[in-house]
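The values are calculated or read from the model by the stated rules, or taken from the named source; none is laboratory data. In this text the structure is predicted, and so the values were computed from the model without any measurement. Please note: Cβ atoms are built from the backbone with ideal geometry, for glycine as well, and neighbour counts cover all protein chains shown. Just the protein is used for accessible areas: all its heavy atoms, side chains included, with ligands, DNA and RNA removed. Shrake-Rupley method; radii C 1.70, N 1.55, O 1.52, S 1.80 Å.
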Amino acid sequence: MGETSSSLSSSSSSYPNLNIPIEIVTDEEMSLIEAAFALASTRSSSLSSFPFSSSTQSQLSSPHFQTNVLSIKSITVLSKRKLLGGNDSHTHHPDIEDSPKLVTPHKKTTVPDSFLHRFRRKRGLSVTDLTSTEWCPKQMEFSLLLGGRKTNQVMKAGIARHAKLEEEVIKRVEVKVKSQEDYWALKFLNFINGVNQLLFEGLTRELPIIGFTEDIWIVGVIDEIQMPLTENDHNPILIDTKTRARDTLPAEPQRRNGRLQLMCYKYLWDNLVADDFPWKKFFTYFGLNAQQNLSEDLKVISADSGFSASTLDDVVKYYNNTCRMLAPAHNQLLLRYEYQKDHSLLGEDKFAYDPEWLKNQMRCCIEFWLGEQEATCAPEEERWKCRFCQFATVCPAYTDSKGTVAHTSNDSNIKEG
């Protein structure tokens, strides 16, 4: 499987006289990797009702993307968009990336013991599911069967930093939803208003996105999107920020995992703007009534967003129109690595979108979820990951200090989390 080309550079502005080393992760760094995988579960629903700010463009006067777009510290004065999250006292509505009811079963997912059927049926695979599987399929398997990853203080710090970045441009406001139609209308309004903020202000964060591939729904939340600063370039730039416990740049497996994440987002984005969303399948599978009246709150929210919507179908039509306004995402994607201690920029990984590489990676991950491929352990050269895995002692790849292979339980003895 070919590797996509990329370049990794340190930030001279943050460390003018420091040649930042690249090293294998420490305990703290591994905790931050785990935090990145766990981050999706902490993201709440959001809706923007942003005010246009004529002064915003003057705040976007950094160099062009080739010499890095806006630095993290420079994006603090953009006007915030109001975000409304679903909050129904009777029904729990999970976040769109982590657990929305979002899947049309693959033809082979009727097999009751496939992980997709057992754990993501009518939910869909999140981008986090895919990146976690790429990191180590065996760890993903144990996480599903034995329970999720434990959250420690370092992970919490990483999650808190992402929440802070979100707060720089977003103000959270809760809104009640009374039905699944309301729930999905709210999600689509989140996207619409996030796109509006992107087009008028040049930046948005935490944008929910959904897609459909190989009869499987895939969902995600894009960390950050910026518009290019050149007049002739209208392709949005997708960005993800990774926090680091030490002032070092990440090892290659971490970079590869981050590249997979951003390429998945571009794939979902490009499918949406290509008007390739199967709405009939969406409505049919979820049993949604497109003509059902929305709650009064959502009607007011849609009006504040610039259009009148009484039904879910009204919102969907405007959502479609919004997607048609957009260009495909930029082929150059950007990973940022930030020092957790002072939030300085350690380095940036700019890389090109590689559709063939992405296709192969996604296929391998999806085959695991469909039960078409057994969970494999991390390759020999990446077995250092095992030192940080909470499931190491029940993994066939694990050996103790004496070189003894761990005894693993049979599937029949593993209980679902």
Please state the Cα pair-distance histogram of region 174-291 with 5 angstrom bins from zero: what percent is in each bin? 2, 9, 16, 19, 18, 15, 11, 6, 3, 1, 0
Using label points projected 7 Å from each Cα along Cα→Cβ, tell me how many nm separate residue 213 and residue 122, to one decimal. 2.6
On a C-alpha basis, how far is the centre of region 191-252 from the centre of region 295-344 in Å? Whole number, if you could? 11
Once you put a point 7 Å from the Cα of residue 304 and another 7 Å from the Cα of residue 381, both along the Cβ direction, what distance in nm separates them? 5.3
With all protein chains present, how much of the accessible area of region 165-260 (probe radius 1.4 Å) comes from carbon and sulfur, to the nearest whole percent? 45
Starting from the amide H of residue 344, placed 1.01 Å from N in the peptide plane, find each other amide H under 5 Å away whose residue is 5 or more places distant or on another chain. 339
Out of 185, 249, 263, whose Cα points farthest toward the positive end of the dipole of region 145-304 (charges: +1 Lys, Arg; -1 Asp, Glu; placed on Cβ)? 249
With a cut-off of at most 13 other beta carbons within 10 Å, and DSSP calling the residue loop, which trypsin sites (Lys or Arg not before Pro) in region 292-344 qualify? Please list them. 341
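Here is the link list: 138/385; 164/341; 122/156; 138/359; 266/341; 359/385. Which ones come out longer than 23 Å on Cα distance? Please list the in-between numbers first.
Details: 138/385 12 Å; 164/341 14 Å; 122/156 29 Å; 138/359 21 Å; 266/341 30 Å; 359/385 25 Å.
122/156; 266/341; 359/385, as the Cα separations exceed 23 Å there.
Tell me the GluC sites (Glu not before Pro) within region 211-252 that lie in a loop according to DSSP and have at most 15 other beta-carbon atoms within 10 Å. Don't skip to the answer; put the middle values down first.
Numbers: sites: 214, 224, 231; in loops: 214, 231.
Answer in residue order: 214, 231.
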May I ask for the net charge around residue 278, where only other residues with Cβ less than 13 Å from the Cβ of residue 278 are counted and Lys, Arg are +1 while Asp, Glu are -1? -2
Test of understanding: what is the full-extension gain from residue 167 to residue 363, defined as 0.36 nm times their sequence separation minus their Cα-Cα distance? 67.0 nm
State to the nearest 20 debye the size of the charge dipole of region 258-349 about its Cα centre, where the only charges are +1 on K and R beta carbons and -1 on D and E beta carbons. 260
Report the label-to-label distance for residue 321 and residue 231 in nanometres (one decimal), using points 7 Å from each Cα along the Cα→Cβ vector. 2.8
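Quick check: net charge around residue 328, other residues with Cβ under 14 Å of its Cβ, Lys/Arg +1 and Asp/Glu -1? Mind showing how you got there, number by number?
Details: positive: 266, 324; negative: 233, 270, 275, 276.
After counting each charged neighbour, the total is -2.
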